[in-house]
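Student: I'd like to ask some things about the structure below.
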Amino acid sequence: MLKRMIAALAMVPALVWAEPDPADWDSVLNDARGQTVYWNAWGGSTTTNDFIAWVGDQVAKQYGVTLEHVKLSNTADAVARVLAEKQAGQDQGGAIDLIWINGPNFAAMKEQGLLFGPFAEQLPNWALVDVAGKPVRADFTVPTDGMESPWATAQVVFMYDSADMQPLADMDALLAWAQDNPGRFTYPQPPDFLGTTFLKQALYGVLDDTAPLLAPVDQADYDAVTAPLWAFLDQLTPNLWRQGRAYPQTGPRQIQLLADDEISLAISFSPGEASTAIANFQLPDTVRTFVPQGGSIGNASFVAIPYNASAKAGAMVVANFLLSPQAQARALDPAHLGYGTVLDVAALPDEQRALFDGIDLGIATLSPEELGPALPEPHPTWMTRIESDWIDRYGTAQ
């Protein structure tokens, strides 16, 4: 009898901390009700913050889940928190339930065993995702393996004031224009993700052979591959806003410079951002967007659940709601967010497709045909190495 009691007590922690099974969705919904999900997500944009607040209202009403937005300036801070908890042996009851994540941060969490899953492809709304047409199964070339769920797509565009200039064909044209119009272009200062994205886009634009970018950086001759980038930046930097001695710290700060007519050209990772800013009276209605003739980098935004999250069921409910036509249509609408959808809209039932049919993408938003196919993100090791070298070469002068 005593042995049976000891054995039964030994099972209690396993029962208390049993992992929710996304394949048993009714059980997930039942477990999620009453949970509070702490979503660690970038908090640098009012429109993004408002969208996350709306998501919170919806999951509270529909599923009884409370969503708390923990606003980040750097996603790496959340990754470091989960890693610190693991190193301290806190394998349950973690402080973070959901993370908006991409690229090197996802690769690091996956490599170090910091993720719950796989769960993404078992979510009910995964059936609506455009698996064939959207980059939803790889993140910066790293297979997601169901460990993160997509919720938006993005592609690099350049925002320009059509009262001042015309679209530029490529990086050579951008450099020539900047030399003729010194001070009228800038980009956020790396390690801001948008600033580092400009470096990667520029690298694509100056290389004849971009194949090395899709493999880990240590498999290439790094100095040879990046030499054209540094040559380009050496010429561009003195012609930037404030002669490259200062940079905007964030994308929203860059938009403010465009609104204040301090610059005429800016980079964005959201094809609808300019239209959203115009609709919100943050930018003049003369702003438009273009992509270089060689194409521009595109990716998907994902959410991931830490291995030790306290509210895994609630986090899956939020991830699944983000894939709903209701949430995807709102995110696509420039009046709210202006992010690209991950859904196969054409395959949706009529009632759900109608949510998208009435969306006005805005005067500054390029059509899918104008955007063209997205260039793949380089392997995350390129981003880390180039970002570090940029800081050494140009960031120390700030």
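Student: Quick one: His336, His379, fewest Cβ neighbours within 10 Å first, how do they rank?
Tutor: Fewest-to-most ranking of His336, His379: His336, His379.
Student: Divide by every residue of the chain the summed helix terms, -39500 (n - 2.57) for each DSSP H run of at least 4, and state the resulting mean residue ellipticity at 222 nm, rounded to the nearest 500 deg cm²/dmol.
Tutor: Taking each H run of at least 4 residues, the total per residue is -12500 deg cm²/dmol.
Student: Still on this model: Name the residue farthest towards the positive end of the dipole of the stretch 172-329 from the options Leu322, Leu283, Ala246, assuming +1 on Cβ of Lys and Arg, -1 on Cβ of Asp and Glu, about the Cα centre.
Tutor: In the stretch 172-329, that residue is Leu322.
Student: Could you give the length gained on full extension between Leu83 and Asn280, defined as 0.36 nm per residue of separation minus the Cα-Cα distance, in nm?
Tutor: That pair, Leu83 and Asn280, stretches by 67.0 nm at full extension.
Student: Now a separate question. Can you give me the C-alpha center-to-center distance between the stretch 310-378 and the stretch 200-255, rounded to a whole angstrom?
Tutor: If we compute the Cα centre of each part, the gap is 30 Å.
Student: Counting pairs of Cα atoms in the stretch 206-360, how many percent are more than 24 Å apart?
Tutor: Result: 57 percent of Cα pairs exceed 24 Å.
Student: While we're looking at this one, here's another question. Between the helical axis of 46-63 and the dominant principal axis of the chain, each derived from Cα atoms, what acute angle in degrees is found, rounded to the nearest 10?
Tutor: Helix 46-63 and the main axis of the chain meet at about 20 degrees.
Student: Mind ordering 211-219, 20-28, 276-284 by average Cβ neighbours within 10 Å, highest first?
Tutor: 276-284, 20-28, 211-219
Student: For the Cα atoms of the chain, what angle does the longest principal axis make with the long axis of helix 75-87, in degrees from 0 to 90, nearest 10?
Tutor: Approximately 30 degrees, to the nearest ten.
Student: So, in Å, what gap is there between the alpha-carbon centers of the stretch 67-119 and the stretch 292-306?
Tutor: Taking the Cα centre of each part, the stretch 67-119 and the stretch 292-306 sit 20 Å apart.
Student: Run the dipole for the stretch 267-398 about the Cα centre, Lys and Arg Cβ at +1, Asp and Glu Cβ at -1, nothing else charged, and hand back the magnitude in debye, nearest 20.
Tutor: 400
Student: For Asp285, Asp97, Asp208, Asp221, what's the fewest-to-most ordering of other Cβ within 10 Å of each Cβ?
Tutor: In order of increasing Cβ crowding within 10 Å: Asp208, Asp221, Asp285, Asp97.
Student: For the chain, how many pairs of lysine residues have a Cα-Cα distance under 23 Å, where the two are 8 or more positions apart or belong to different chains?
Tutor: The result is 11.
All of the numbers you see were taken from the coordinates with simple rules; none came from a lab. Not measured: the values here are computed from a predicted model. Every residue, glycine among them, receives a Cβ derived from its backbone with ideal geometry; neighbour counts consider all protein chains shown.
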